[in-house]
Amino acid sequence: MQHNILRLPEVKQRTGLSRSSIYLRISNKEFPTPISLGGRSVGWLEDDINAWIVARIEESRANDHG
């Protein structure tokens, strides 16, 4: 099974969130936790970020119709 790992610049671009917003949401358990890539490097699984985006879309649409 292949896993694509996204680094912070791509996560920021895909989500539209700033670095500080991402890390605040992580600390509040509202965003996928990064994985260690060794040293001080971290990344996020692409599937986790895609799932988070889909959940935000579904949540937004449910609030619009509800």
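The values are calculated or read from the model by the stated rules, or taken from the named source; none is laboratory data. All figures in this text were calculated on a predicted structure; none of them were measured in a lab. For neighbour counting, all protein chains shown are included, and Cβ atoms are generated from backbone atoms with ideal geometry for every residue, glycine included.
Mind checking whether some residue in the stretch 18-36 is of a type in the set (A, V, I, L, M) and touching a residue at least 24 places away in the same chain (Cβ under 8 Å)?
Yes.
May I ask you to list the residues in the stretch 30-46 that are farther than 15 Å from residue 56 by Cβ and in a loop (DSSP other than H, G, I, E, B)?
33, 34, 39, 40
Condition first: of a type in the set (A, V, I, L, M, F, W, C) and either surrounded by 12 or more Cβ atoms within 10 Å (Cβ to Cβ) or over 18 Å from residue 3 (Cα atoms) (or both). Now tell me which residues in the stretch 30-50 satisfy that.
Those that are of a type in the set (A, V, I, L, M, F, W, C) and either surrounded by 12 or more Cβ atoms within 10 Å (Cβ to Cβ) or over 18 Å from residue 3 (Cα atoms) (or both): 31, 35, 42, 44, 45, 49.
Conditions (1) in contact with a Phe, Trp or Tyr (Cβ under 9 Å, 6 or more places away or on another chain); (2) hydrophobic (A, V, I, L, M, F, W, C), marked per residue:
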{"site": "6", "(1), (2)": "yes, yes"}
{"site": "17", "(1), (2)": "yes, yes"}
{"site": "25", "(1), (2)": "yes, no"}
{"site": "32", "(1), (2)": "yes, no"}
{"site": "37", "(1), (2)": "no, yes"}
{"site": "42", "(1), (2)": "no, yes"}
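Quick one: residue 3 ticks every box in (1) assigned to a loop (DSSP other than H, G, I, E, B); (2) at pLDDT 95 or above except a single one, so which number is it?
It is condition (2) that residue 3 fails.
Determine if the stretch 16-31 includes at least one residue that is out of contact with any helix residue (DSSP H, G or I) (no Cβ under 9 Å at 6 or more places or on another chain) and among the aliphatic types (A, V, I, L, M).
Looking through the stretch 16-31, at least one residue is out of contact with any helix residue (DSSP H, G or I) (no Cβ under 9 Å at 6 or more places or on another chain) and among the aliphatic types (A, V, I, L, M).
Within the stretch 7-29, how many residues are in a helix (DSSP H, G or I), surrounded by 12 or more Cβ atoms within 10 Å (Cβ to Cβ) and of a type outside the set (Phe, Trp, Tyr)?
Going through the stretch 7-29, the residues in a helix (DSSP H, G or I) turn out to be 8-15, 19-27.
When the remaining residues are screened for being surrounded by 12 or more Cβ atoms within 10 Å (Cβ to Cβ), the result is 8, 10-12, 14-15, 21-26.
Applying the additional criterion that residues be of a type outside the set (Phe, Trp, Tyr) yields 8, 10-12, 14-15, 21-22, 24-26.
Of the residues in the stretch 7-29, 11 are in a helix (DSSP H, G or I), surrounded by 12 or more Cβ atoms within 10 Å (Cβ to Cβ) and of a type outside the set (Phe, Trp, Tyr).
For the stretch 1-21, what are the residues that are closer than 19 Å to residue 55 by Cα and touching a Pro at 6+ places or on another chain (Cβ under 9 Å)?
Result: 11, single match.
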